[in-house]
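J.: There's a structure below that I have some questions on.
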Amino acid sequence: MKEESIQFTLNGKKTEITIDPTLTLLWVLRDQFGLTGTKYSCGSGYCGACTIIINNEAVRSCAMKVGEISGSEIITIEGLSNKEKLHPLQKAFVEKDALQCGFCTPGMIMNAYGLLLNNPEPTREEIIEGMEDNLCRCGAHIRIIEAIQAAGQEMKGGKKS
Amino acid sequence: MKRNSKKRGLATTKDKFEIKRRDFLTLLGGGVMVYFGTGNSSELLAMPLAQRRELSKDYNAFLRIDEDGTVHCHTGKIEMGQGPITSLPQQIADELDVDLESVKMVMGDTMLCPYDAGTWGSLTTREFSHYMRAAGAEARAVLLQLASEQLEVPVEDLGVNKGVISIKANPKKKVSYGELTKGQRIERFMDEKPPVKDHTQFHYVGQALLHSDGVLKVRGKAEFTGDLKLPGMVYAKVLRPPSHLSKLLSVDYSEAEKLEGIEVVRDEQLLAVLHELPDKAEEALAMIKAEYSPDDLDVDHHSIFEYLLNAPSDSQEVRSSGNLEDGKAISEEIIESEFHDGYVAHSPIEAHTALANWEGAKVTVWASAQSPFGLQDEIARTFEMELDDVRVISPFLGGGFGGKIYHPQGIEAARIAKLAQKPVMVAYTREEEFFMDYFRPAAVVKIKSGITKEGKIALWDFKQYFAGNRGSDTIYDVPNAKTTGIREKRGTPVHPFPTGAWRAPGNNTNTFARESQVDILAEKAGIDPVQFRLDNLADKKMIAVIEALAEKFDYTPKVGPSGRGIGMACGTDAGTWVAVMIEVKVDAKTGNVQPIRAVCSQDMGLCVNPQGSILQAESCVTMGMGYALSEDVEFKGGDVITSNFDSYQLPLFSWVPQTIDTVILDRQDQAPQGGGEPAIICMGGALANAIFDACGARVYQMPMTPERILEAIKGQP
Ligand code: FES
Ligand code: FES
């Protein structure tokens, strides 16, 4: 496939790359940009390990081609917090111990971030509904729900990351 | 709750690959190295740790203490979410009397760590930490001797606090572990091994600590194998047969080879396409035309149970007491049941991955491996190499559950990298992960049991087919009992594909069958199922665990089916006594099960990190809902039909009970037991019993899918 120049914003930085537009976004992020926090697990949109934010929506980067992101604003787990300080979601995941192996964690956090962007005060049921398609084999679910609740409250309370 | 804030990194890419084992001592020369014998080697060799390779006295456990007081703790164990990266430092810090923050773990690196067979069987705490603690105690004693020589006072007059040894009567006279050994390397053993601390002397052990790797992981900075990259590295996609029973007959990869940047390598049945971009390698793989020998084994996920019952097998008596005929004679009622359990996949969210890099005749392989030393062995055997020329490193693992004990991806990466003469990453797709997994075996359990008029179990004849013996023996006090294990006949594999250890191997199937049957007996006896268990148990530990369970659950006795949807199961696994009670709602129209709340109770001896143990119990309850309710591998012959999460249903957020409470009995004065596996064994039985209690339908087959539950509801008298 012929290469194209694609411009987008990646973790707050204007970015341009000349690349085959049919390549999978997930692998471009991991391989070309070294953003390996975004994980491969199912490659077919079933698990959410590869979740990133595009234009304020949580999306599955394994199911997208890099050509589709032209002009978009992309945030990956690496871009969620600024430097040293953890984002309230990251902090809540640590404090609630909402992870075990941690492989699903970046996708969980990014999906939760997308959820909170669209619904800053989700109920427990809304969190469950919003997270339903993100898989965790280690069974950290119950704590992930608590962490998202806690983070939502902190973000709503105006405390910034 | 305290947080263990400082990150402890794993040895991964930052280590120089070129270090040779013999250079290792020199490399560490800046600090102090103390080798520890761990006592009687014959005793050591009796332990499972030493099963495959002899433990060297010098290497079976060791620590390194830097000049700045940093304690490097080296272990062949790996971190896959089960928490040793947090709990091992607690123990070593206590034995050495150093600050927890000063302990750094170096894990799963065959060059830097003492030999260890692998991370499985919930053995890290109950077995390995025993050696590590002994090593810590010996190190402390050696350092005290050194301090006594330097400060010119007897050892008895010295005290240790946070890695600083001082004279008790004159605390200003002191020397730190690091200072003490500055500029020299000391190799000294204690002739008489000092004792490890007991529970009254612990400071960190017993504290509830959060995962010490949490910060790294929430930032997406924890390195898993697939996150590594070497200059010139390519991704390899391996051509897979349609079935485990098919052989490659002919192959045409001429089209694939035309793609720019594609390289094809072949070594007998192994054929791989390489490209620096995984997408391109995948694209090329799809263009290969291959012909395979047919697989005409006539068995699938429906007919498997019949097939197993008729398969060639060996029978093994696990236990026998009393006389089954006597048991029959005194039984008021005899119940015979047959339980079925399908194949279950491990499905770690991180699929098997490996990166191999040859440098001359030496190879380094990074792999998602539960047994880095096992993979080192496998590679050395495959290439007929010296062990020292093979280095295996397990970075963080994205889950294992017993599924990463064998490492075909590591061998493949090494073979392909050798052929291609460049670093090669083999990262299984989810389809490959399902195909290459060795499943928890499908199994049948037959139980014949009888109860007396008084509700005592008088007869128990338990026979498991191909589940494995773990957890098959009855935990109840039955005068006439027999436990039989039916297993594969040597040389005649029964399953159409590989099977193997899955979190608490054998025990999930066996406990499902036993605990279902016990509930059936309780119903026949007209006794509340919790009371029935207590009446039939002599095991004091189990009684205490069940009493704590019922209390935490706030359980009121009622004969089942009570309509409340409450069920329990209990058993032992990895040295731990465990029970789970769960409440569910069953939708009688759809057969859907909704867990409401769960309680887990366990006696696990000394609990090193209560937080970590609670997490493992929650993990078991949540993961266990999957094998109990939905997970089932579909197949036809050696063709694994299940290929992704759309057809293989893992537990979801909506399934999780609103609360999962864990009670850990206070047994800090006892030896530590397993924590990673035990609670999961109860989930099949607890859910089967809860479903029965909710709607009166007994389901004899796992997974207890809505269809099977509906069928059971319809089949009720
Ligand atoms: S890897 Fe993208 S959804 Fe699973
Ligand atoms: S923490 Fe391991 S998959 Fe979620």
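J.: Between A:Asn111, A:Asn56, A:Asn82, which is on the phi < 0 side of the Ramachandran plot, open to solvent by 10 Å² or more (accessible area, probe 1.4 Å) and away from ligand 1 (no atom under 16 Å from the Cβ)?
T.: On the way: A:Asn111 fails: away from ligand 1 (no atom under 16 Å from the Cβ); A:Asn56 fails: on the phi < 0 side of the Ramachandran plot.
Just one listed residue meets the conditions, A:Asn82.
J.: Mind checking which strands (runs of 3 or more DSSP E) fall wholly inside the stretch B:123-193 and carry at least 1 residues that are touching a residue at least 24 places away in the same chain (Cβ under 8 Å)? Show your work before the answer.
T.: Numbers: elements: B:158-161, B:164-167, B:170-176.
Answer list for the stretch B:123-193: B:158-161, B:170-176.
J.: Still on this structure, please answer the following. Is there a residue being away from ligand 2 (no atom under 16 Å from the Cβ) and under 13 Å from the mean Cα position of the chain (by Cα) anywhere in the stretch A:41-52?
T.: yes
J.: Here is a further query. Return the residues of the stretch B:355-377 that are touching a Ser or Thr at 6+ places or on another chain (Cβ under 9 Å) and not aliphatic (A, V, I, L, M); say none if nothing qualifies.
T.: Residues of the stretch B:355-377 that are touching a Ser or Thr at 6+ places or on another chain (Cβ under 9 Å), as a first pass: B:355-358, B:366-373, B:375-377.
Correct list: B:Asn357, B:Trp358, B:Trp366, B:Ser368, B:Gln370, B:Ser371, B:Pro372, B:Phe373, B:Gln376, B:Asp377.
J.: If you don't mind, another one. B:Lys247 - would you say it is closer than 14 Å to B:Ala413 by Cβ, in the same structural domain as B:Pro423 (by TED's automatic domain parsing) and out of contact with any His (no Cβ under 6 Å at 6 or more places or on another chain)?
T.: Working: closer than 14 Å to B:Ala413 by Cβ: no; in the same structural domain as B:Pro423 (by TED's automatic domain parsing): yes; out of contact with any His (no Cβ under 6 Å at 6 or more places or on another chain): yes.
Answer is no for this residue.
J.: How many of the residues in the stretch A:31-40 are within 16 Å of ligand 2 (Cβ to nearest atom) and either of a type in the set (A, V, I, L, M) or under 20 Å from B:Glu431 (Cβ atoms) (or both)?
T.: Count: 2.
J.: Test A:Lys65 against the criterion of being at pLDDT 95 or above and within 16 Å of ligand 2 (Cβ to nearest atom), and give yes or no.
T.: Numbers: at pLDDT 95 or above: yes; within 16 Å of ligand 2 (Cβ to nearest atom): no.
Taking the combined requirement at face value, the residue does not satisfy it.
J.: Which condition number in (1) among the hydroxyl-bearing types (Ser, Thr, Tyr); (2) touching a Lys or Arg at 6+ places or on another chain (Cβ under 6 Å); (3) over 14 Å from B:His74 (Cα atoms) is the one that B:Ser148 fails?
T.: With (1) among the hydroxyl-bearing types (Ser, Thr, Tyr); (2) touching a Lys or Arg at 6+ places or on another chain (Cβ under 6 Å); (3) over 14 Å from B:His74 (Cα atoms) applied to B:Ser148, the lone miss is (2).
J.: Give the residues of the stretch B:506-529 that are within 23 Å of B:Ala574 (Cα to Cα) and crowded, with 24+ Cβ neighbours inside 10 Å, sorted by residue number. Even if it seems obvious, please write down each step before you answer.
T.: Going residue by residue through the stretch B:506-529, those that are within 23 Å of B:Ala574 (Cα to Cα) are B:506-518.
Listed by number, the residues that qualify are B:Asn507, B:Asn508, B:Thr509, B:Asn510, B:Thr511, B:Phe512, B:Ala513, B:Arg514, B:Glu515, B:Ser516, B:Gln517, B:Val518.
J.: For A:Leu23, state whether it is at pLDDT 95 or above, under 21 Å from A:Leu99 (Cα atoms) and either away from ligand 1 (no atom under 15 Å from the Cβ) or over 15 Å from the mean Cα position of the chain (by Cα) (or both). Can you show your working first?
T.: On the way: at pLDDT 95 or above: yes; under 21 Å from A:Leu99 (Cα atoms): no; either away from ligand 1 (no atom under 15 Å from the Cβ) or over 15 Å from the mean Cα position of the chain (by Cα) (or both): yes.
Taking the combined requirement at face value, the residue does not satisfy it.
J.: Okay, moving on. For A:Glu78, indicate whether it is more than 16 Å from ligand 2 (Cβ to nearest atom), facing chain B (nearest Cβ under 7 Å) and either of a type in the set (A, V, I, L, M) or assigned to a helix (DSSP H, G or I) (or both).
T.: Numbers: more than 16 Å from ligand 2 (Cβ to nearest atom): yes; facing chain B (nearest Cβ under 7 Å): yes; either of a type in the set (A, V, I, L, M) or assigned to a helix (DSSP H, G or I) (or both): yes.
Here the answer is yes, as A:Glu78 does meet what is asked.
J.: Conditions first: (1) touching an Asp or Glu at 6+ places or on another chain (Cβ under 7 Å); (2) open to solvent by less than 10 Å² (accessible area, probe 1.4 Å). B:Ser347 passes all but one, so which condition is the exception?
T.: With (1) touching an Asp or Glu at 6+ places or on another chain (Cβ under 7 Å); (2) open to solvent by less than 10 Å² (accessible area, probe 1.4 Å) applied to B:Ser347, the lone miss is (1).
J.: What are the residue pairs meeting all of these: first residue in the stretch A:136-147, first residue under 10 Å from B:Val656 (Cα atoms) and assigned to a loop (DSSP other than H, G, I, E, B), second residue within 16 Å of ligand 1 (Cβ to nearest atom) and open to solvent by 10 Å² or more (accessible area, probe 1.4 Å), Cβ atoms under 7 Å, and 6 or more apart or on different chains?
T.: Pairs found: none.
J.: So, one more: Looking at B:Tyr235, B:Tyr204 in this structure, which one is surrounded by 21 or more Cβ atoms within 10 Å (Cβ to Cβ), of a type outside the set (A, V, I, L, M, F, W, C) and in the same structural domain as B:Pro278 (by TED's automatic domain parsing)? Break it down into steps so the answer makes sense when it comes.
T.: Numbers: B:Tyr204 fails: in the same structural domain as B:Pro278 (by TED's automatic domain parsing).
Of the residues listed, the single one that is surrounded by 21 or more Cβ atoms within 10 Å (Cβ to Cβ), of a type outside the set (A, V, I, L, M, F, W, C) and in the same structural domain as B:Pro278 (by TED's automatic domain parsing) is B:Tyr235.
J.: Further question: A:Val94 is checked against (1) under 14 Å from the mean Cα position of the chain (by Cα); (2) free of Cβ contacts under 8 Å to residues at least 40 places away in the same chain; (3) not in a loop (DSSP other than H, G, I, E, B) and fails just one. What number does that condition carry?
T.: (1)
J.: If I filter the stretch A:36-50 down to residues being more than 7 Å from ligand 1 (Cβ to nearest atom) and of a type in the set (S, T, N, Q), which single residue comes out as nearest to A:Thr105 (Cα to Cα)?
T.: A:Thr38
J.: Test A:Ser70 against the criterion of being surrounded by fewer than 23 Cβ atoms within 10 Å (Cβ to Cβ) and away from ligand 1 (no atom under 15 Å from the Cβ), and give yes or no.
T.: Details: surrounded by fewer than 23 Cβ atoms within 10 Å (Cβ to Cβ): yes; away from ligand 1 (no atom under 15 Å from the Cβ): yes.
The answer is yes for A:Ser70.
J.: While we're here: Would you check if B:Glu454 is within 16 Å of ligand 1 (Cβ to nearest atom) and surrounded by fewer than 22 Cβ atoms within 10 Å (Cβ to Cβ)?
T.: In short, no.
J.: Would you pick out the residues in the stretch A:28-40 that are touching a Pro at 6+ places or on another chain (Cβ under 9 Å) and either more than 20 Å from B:Glu350 (Cα to Cα) or in contact (Cβ under 8 Å) with a residue 12 or more places away in the chain (or both)?
T.: Of everything in the stretch A:28-40, those that are touching a Pro at 6+ places or on another chain (Cβ under 9 Å) and either more than 20 Å from B:Glu350 (Cα to Cα) or in contact (Cβ under 8 Å) with a residue 12 or more places away in the chain (or both) turn out to be A:Gly37, A:Thr38, A:Lys39, A:Tyr40.
J.: Tell me which of these A:Ile128 doesn't satisfy, since it passes every other one: (1) assigned to a strand (DSSP E or B); (2) among the β-branched types (Val, Ile, Thr); (3) open to solvent by 20 Å² or more (accessible area, probe 1.4 Å).
T.: Only one criterion in (1) assigned to a strand (DSSP E or B); (2) among the β-branched types (Val, Ile, Thr); (3) open to solvent by 20 Å² or more (accessible area, probe 1.4 Å) is unmet by A:Ile128, namely (1).
J.: Additional query: Return the pairs, sorted by first residue and then second, in which the second residue is of a type in the set (Asp, Glu) and modelled with pLDDT of 95 or more, the first residue lies in the stretch B:689-701 and is assigned by TED's automatic domain parsing to the domain that holds B:Gly560, the beta carbons are less than 6 Å apart, and the residues are 6+ apart or on different chains.
T.: These pairs meet every condition: B:Asn689/B:Asp519.
J.: Now for a separate question. Taking the stretch B:252-273 as the search range and keeping residues that are of a type in the set (A, V, I, L, M, F, W, C) and surrounded by fewer than 17 Cβ atoms within 10 Å (Cβ to Cβ), which one is farthest from B:Gln421 (Cα to Cα)?
T.: The initial filter retains those residues of the stretch B:252-273 that are of a type in the set (A, V, I, L, M, F, W, C), namely B:256, B:259, B:262, B:264-265, B:270-273.
If we keep only those that are surrounded by fewer than 17 Cβ atoms within 10 Å (Cβ to Cβ) too, we end up with B:259, B:270.
Values: B:Leu259: 20, B:Leu270: 16 Å.
Of everything passing the filter in the stretch B:252-273, B:Leu259 is farthest from B:Gln421 (Cα to Cα).
J.: Could you name every one of the helices (runs of 4 or more DSSP H) located completely within the stretch B:258-370 that has at least 2 residues being within 14 Å of chain A (Cβ to nearest Cβ)?
T.: Details: elements: B:278-286, B:304-309, B:324-330.
It comes to B:278-286.
J.: Within 16 Å of ligand 2 (Cβ to nearest atom), within 12 Å of another protein chain (Cβ to nearest Cβ) and either closer than 21 Å to A:Asn11 by Cα or open to solvent by 10 Å² or more (accessible area, probe 1.4 Å) (or both): which single residue out of A:Lys96, A:Lys91 fits that description? Working first, answer last.
T.: Details: A:Lys91 fails: within 16 Å of ligand 2 (Cβ to nearest atom).
On inspection, the qualifying residue turns out to be A:Lys96.
The values are calculated or read from the model by the stated rules, or taken from the named source; none is laboratory data. The shown structure was predicted, so the numbers you read here are calculated from the model rather than taken from an experiment. Using ideal geometry, Cβ is built from the backbone for each residue, glycine included, and neighbour counts are taken over all protein chains shown. Heavy atoms of the whole protein, side chains included, go into the accessibility calculation; ligands, DNA and RNA do not. Shrake-Rupley method; radii C 1.70, N 1.55, O 1.52, S 1.80 Å.
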